[in-house]
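Let me begin by presenting the structure, written as structure tokens, before commenting on it.
The values are calculated or read from the model by the stated rules, or taken from the named source; none is laboratory data. Treat the numbers as computed from the prediction; the structure is a model and nothing was measured. Reconstructed Cβ throughout: ideal geometry from the backbone, glycine too, with neighbour counts over all protein chains shown.
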Amino acid sequence: MAGERPYFIQRRTVVAETPRLRVAEMTLGPGEHVPLHKHSRASDVFYCLAGRLRLVAGQPGERDGEEAVLAPGESFSVAAGRPHMAVNDGADTCRYLLVQHGETIDYVPLGENEEA
């Protein structure tokens, strides 16, 4: 299932793509989220364009987990291999740029109880 996206969001538009770089504009409606996952050899940079985006990096319950809430103009990075999820828990639509770069860009879904 690596590479597939088993979730639905309002919109995902790939703006640019090469074998080692992908830039996508993501739109999450209120209550939508990208579930916990990781990328084997690619890192992510999230740049908020509109609304509010909550990002959680790390396995649930992990001591060194991070959480950030981005407003427009703010960014957050997640290293390759690190579990993370993106959530729009606000009342307005959220738009953000997702910049992924690395050897390969995959999507590895993780359940809350799965090991990274």
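Summary of values
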read-out: Residue in segment 86-97 that is modelled with pLDDT under 95 and acidic (D, E) present; value: yes
read-out: Residue, farthest from the chain's Cα centre (by Cα), within segment 56-85, restricted to residues that are polar (S, T, N, Q) and modelled with pLDDT of 95 or more; value: S75
read-out: Residues located in segment 54-113, provided they are touching a residue at least 60 places away in the same chain (Cβ under 8 Å), touching a Phe, Trp or Tyr at 6+ places or on another chain (Cβ under 7 Å) and surrounded by fewer than 17 Cβ atoms within 10 Å (Cβ to Cβ); value: L97
